[in-house]
There are 8 protein chains.
Amino acid sequence: MELTVYLAGQIHDDWREDLQAKATQKNLPLTFVAPQTNHDRSDNVGDDILGEQPGKVYKDDAASSINNLRTQILMQKSDVVIALFGEHYKQWNTAMDASAAMTMNKPTILVRPESLIHPLKELANKANVTVETIDQALDVLNYIYE
Amino acid sequence: MELTVYLAGQIHDDWREDLQAKATQKNLPLTFVAPQTNHDRSDNVGDDILGEQPGKVYKDDAASSINNLRTQILMQKSDVVIALFGEHYKQWNTAMDASAAMTMNKPTILVRPESLIHPLKELANKANVTVETIDQALDVLNYIYE
Amino acid sequence: MELTVYLAGQIHDDWREDLQAKATQKNLPLTFVAPQTNHDRSDNVGDDILGEQPGKVYKDDAASSINNLRTQILMQKSDVVIALFGEHYKQWNTAMDASAAMTMNKPTILVRPESLIHPLKELANKANVTVETIDQALDVLNYIYE
Amino acid sequence: MELTVYLAGQIHDDWREDLQAKATQKNLPLTFVAPQTNHDRSDNVGDDILGEQPGKVYKDDAASSINNLRTQILMQKSDVVIALFGEHYKQWNTAMDASAAMTMNKPTILVRPESLIHPLKELANKANVTVETIDQALDVLNYIYE
Amino acid sequence: MELTVYLAGQIHDDWREDLQAKATQKNLPLTFVAPQTNHDRSDNVGDDILGEQPGKVYKDDAASSINNLRTQILMQKSDVVIALFGEHYKQWNTAMDASAAMTMNKPTILVRPESLIHPLKELANKANVTVETIDQALDVLNYIYE
Amino acid sequence: MELTVYLAGQIHDDWREDLQAKATQKNLPLTFVAPQTNHDRSDNVGDDILGEQPGKVYKDDAASSINNLRTQILMQKSDVVIALFGEHYKQWNTAMDASAAMTMNKPTILVRPESLIHPLKELANKANVTVETIDQALDVLNYIYE
Amino acid sequence: MELTVYLAGQIHDDWREDLQAKATQKNLPLTFVAPQTNHDRSDNVGDDILGEQPGKVYKDDAASSINNLRTQILMQKSDVVIALFGEHYKQWNTAMDASAAMTMNKPTILVRPESLIHPLKELANKANVTVETIDQALDVLNYIYE
Amino acid sequence: MELTVYLAGQIHDDWREDLQAKATQKNLPLTFVAPQTNHDRSDNVGDDILGEQPGKVYKDDAASSINNLRTQILMQKSDVVIALFGEHYKQWNTAMDASAAMTMNKPTILVRPESLIHPLKELANKANVTVETIDQALDVLNYIYE
């Protein structure tokens, strides 16, 4: 059974490539989808497509409208969501995506470091499974195929 | 027409009392509901009710299960949600509640300071209305009754 | 049985007051809700609440975000929708509201003059009932209580 | 990931063929579906299949019932909707389709000329993304695959 | 706890009045709603409100559009549905209403005479409870309050 | 685009084979599914699988539970439903299936002879399209591919 | 804010009366609803209303159809569900009701003794909150009003 | 038409392998999915992936969170559910899965021995079909393809 996995979370390192490589090693029939991971492109896509906007709030709104369209399409096609929090950045997008997924009844795995246990406690409680590393997240996905 | 308003957001100052007082001055037929605003009680309610848990992650999970039950019940009874972000704290609960509300088709007003425009841009784009002050949020609610 | 009726449609004459007066004469237990019918206020509410926006597209987007919030809240509280088209103006809001109502399974009565039969044929086919006058629309509501 | 795109909007020029040709050039794995674009056939299909109806309102109702069936089937199979408004015609079908799509949580891109910013402001605010040209709409779809 | 009960079924005798009288005797807090029970009015309501239609199929379609609006509004307000079949008439409306109710997760009690067990077997299997008399149907409603 | 079509309706002649043969001639990419069309097997399947039941009502309930399971599975997999009424038999199953389909937002084509216009008027009004012959129903399906 | 609480679970002692008395002492604005708690009546209600059935399986099916109707009506009217497991009996009804409630997004509190932690682990994980005593369940409800 | 079948129920014998072998003999195009059937792995998976938990309740909660994720993913991909009860063990998981399936409108076949008729009567009434052996369950699945 093939499953599509949406990878929500920060885009400042290559955790998605790492996860995909390990899934390939395990021969898991998973397709991964994700938000735009090129940070500059993600911030500028509104101006890139629609032309220069009159100030930062309008530039941000234009970019986020296109990012949100992408996320909505790909998340609706997904069977399961992994949402990863790191120790830096505000990551409200990640919280938004994880909560949207859980409210849509998409099974969701939360990945967060030990240092964030307290501030993420309500999200962790609402997620199906909460783990600390992407290896553990992959172990959970692998378990579906055992 | 009476409306119930869920007030998501930080619990470190009395913005809810401020908003309610102003709504009363305007004679708006609004009922406000909210998460537990006593911070210690919110953190300890799991241990308070279930007994001491074996360590911080379990204490947090117990407390958050009860906080999430409260939020789910009150949000399901609400007609509109106001989600307020301040300049401090991680506020992932607020992002979670706002996203859950929007995914459930609860009309949602986001309140955030100018300094947070960029990190909240996807949430702001997804919200029905985004404002900077609770007075503006109340102006929006008042507009429903004009 | 009390019913709430959302009155979608143009805001350039007082058809809503006319309908409400006739419903009162018939002693029907109906509560009517509607969009903002003060045209200037409807166009300016974004700037009025959020401050002046940088140009017309932004002013329009700010105003419409608040108008859409109002419509969503009131339509979700409604049991039936009347959507009236007149011979002037583009009235895409009316088409949007009627279609949203029907997609949400809100029973919908379409009111349109004979001159608009052809361009409104798909909306008319999708509506529960299509009539030509508000008196006929009220006759339909009255029939629920016979 | 293959996506199906419903192309709502006017049927008086060949914007759909233009869009499809450009998508093919970019090698995007998109399948496009659309309403009947032969205007006469769209108007006459009721009489064509069911026989001559007794007057224009009945001819229109018969045709629109079949057009609406086609739209409902194809839109339910689609992952994303593009709704294009031009400067001519009433285009209430387009507004109806766009609003139905958004209410069904189908991600929707609105295409409209600058001259229609004001009358389409509520639909534009409710759409995920609003652009002015089909090239921009295609840029948005292309972004999903970056 | 007050409940609203939709009474679907034939309109050729006064079984609804009988049921209501018995419910009143038992002091059950039930509100009953129903389709138009004046048969001529039900058949003619389209012409009565919209004017004379060009032939029987159009007269029937006009009347049924208004009858269906009434049914949809009242059934959406109901907590439970009783659908009664008698030995005469085709009663496809009753089958339509019962099936719509069950598909909408409205708890449904089917009342049918012994002679109709076989042709109603699939509807009876799908209903929550199947009985033979309105007294039994009322016993079932009464049981909710024991 | 391949579509699956559920063929609800009487099982006393071979209208389904006729329809399928004509669809094959037109090269339409349609898959047809249907209830059990062997009448004896349909009536006896409960006893066949579960053993003899104690009387007719129990035999009928056992058979219909299995017929309803089959219908629910196949209808959920379908994109469009054709429901055919003939001049004989009570056909309450057909009314039940058509109404369930429409309530589930499955686009539905009703086929009925002229003689049944009046008793089927509410079902016909609720259906997307109503025709008199299976050739017309196939013309409607064919129109989706034009 | 008044809330309705469905009390699922065994009917062999008076835990519901105990809970209600304690809720009254705390002045909580709660309305409690429940299945039939008279065990004999619950087992015999099918025969009582429909007449004697031909054997135990049919008697049980008749009774359970009426019990399930009652549960469905009352649970749909409820805002929160408490499901209590005791140390005796199979209690599959309780598991069924708790799971139905959670799947319908009704917030659910599971009450179970320490001895049942292992066999109830999946239900406990899926519930919003799991406690060991009805006093703890009431503390959780009380927390909503703090 | 290929169907996916979720096999809920006890994991203490090889009834799933037996069922699959018989389905293969009949050449039915069925794909079977199931919970983890290695009992030790199912009980320990939380500790296996997340590390040792502080006591039995936490170990059980960790394991069940991963088991529940697996069940939710596979059940959402399924077209039909078979839930088997045996004479031993508490099997509350099976009741939970069957009830979740039925509440999600997944057609469900209940398999239970004669000795469990009474305690399973409400679940049996709510299931689409109730049988006593897996051969009968397979006969029901086979009937869909006749």
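Listed values, structure above:
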{"read-out": "The range A:1-22 - residue that is modelled with pLDDT of 95 or more and charged (D, E, K, R) and, of those, most open to solvent (accessible area, probe 1.4 Å)", "value": "A:GLU2"}
{"read-out": "Positions within the range G:23-43 being open to solvent by less than 40 Å² (accessible area, probe 1.4 Å), within 30 Å of G:TYR145 (Cβ to Cβ) and outside any loop (DSSP other than H, G, I, E, B), in sequence order", "value": "G:ALA23, G:LEU30, G:PHE32, G:VAL33"}
{"read-out": "Cβ-Cβ under 8 Å pairs, at least 6 apart or on other chains, the range C:64-77 side free of Cβ contacts under 8 Å to residues at least 40 places away in the same chain, far side in a helix (DSSP H, G or I) and surrounded by fewer than 20 Cβ atoms within 10 Å (Cβ to Cβ)", "value": "C:ILE66/B:TYR143; C:ARG70/B:TYR143"}
{"read-out": "Test for D:ALA101: is it more than 7 Å from every other protein chain (Cβ to nearest Cβ), closer than 18 Å to A:LEU69 by Cβ and among the small types (Gly, Ala, Ser)", "value": "yes"}
{"read-out": "Hits in the range A:49-66 (condition: in a loop (DSSP other than H, G, I, E, B) and within 11 Å of chain B (Cβ to nearest Cβ))", "value": "A:GLY55"}
{"read-out": "Conditions (1) facing chain G (nearest Cβ under 8 Å); (2) more than 18 Å from H:ILE11 (Cβ to Cβ): number failed by H:VAL80", "value": "(1)"}
{"read-out": "Failed item in (1) within 13 Å of chain A (Cβ to nearest Cβ); (2) part of a helix (DSSP H, G or I); (3) not hydroxyl-bearing (Ser, Thr, Tyr), with B:ARG16 passing the rest", "value": "(1)"}
{"read-out": "Unique match (being within 30 Å of D:ASP61 (Cβ to Cβ), over 13 Å from the mean Cα position of the chain (by Cα) and polar (S, T, N, Q)) among E:THR71, E:THR103", "value": "E:THR103"}
{"read-out": "Of residues in the range D:107-146 being among the small types (Gly, Ala, Ser) and within 17 Å of the chain's Cα centre (by Cα), the one nearest to C:LYS90 (Cα to Cα)", "value": "D:ALA124"}
{"read-out": "Positions within the range H:70-86 being within 24 Å of G:GLN91 (Cα to Cα) and among the aliphatic types (A, V, I, L, M), in sequence order", "value": "H:MET75, H:VAL81, H:ILE82, H:ALA83, H:LEU84"}
{"read-out": "From F:GLU87, F:GLU52, residue being under 18 Å from the mean Cα position of the chain (by Cα) and of a type outside the set (Phe, Trp, Tyr)", "value": "F:GLU87"}
{"read-out": "Qualifying residues in the range H:53-66 (those that are more than 18 Å from A:VAL111 (Cα to Cα) and open to solvent by 50 Å² or more (accessible area, probe 1.4 Å)) - the one modelled with the highest pLDDT", "value": "H:LYS59"}
{"read-out": "Check on H:GLY46, open to solvent by less than 10 Å² (accessible area, probe 1.4 Å) and either more than 9 Å from every other protein chain (Cβ to nearest Cβ) or in a helix (DSSP H, G or I) (or both)", "value": "yes"}
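The values are calculated or read from the model by the stated rules, or taken from the named source; none is laboratory data. What you are looking at is a predicted structure, and each value in this text was computed from that prediction instead of being measured. Every residue, glycine as well, gets a Cβ built from its backbone with ideal geometry; the counts of neighbours run over all protein chains shown. With ligands, DNA and RNA removed, areas are computed over all heavy atoms of the protein, side chains included. Shrake-Rupley method; radii C 1.70, N 1.55, O 1.52, S 1.80 Å.
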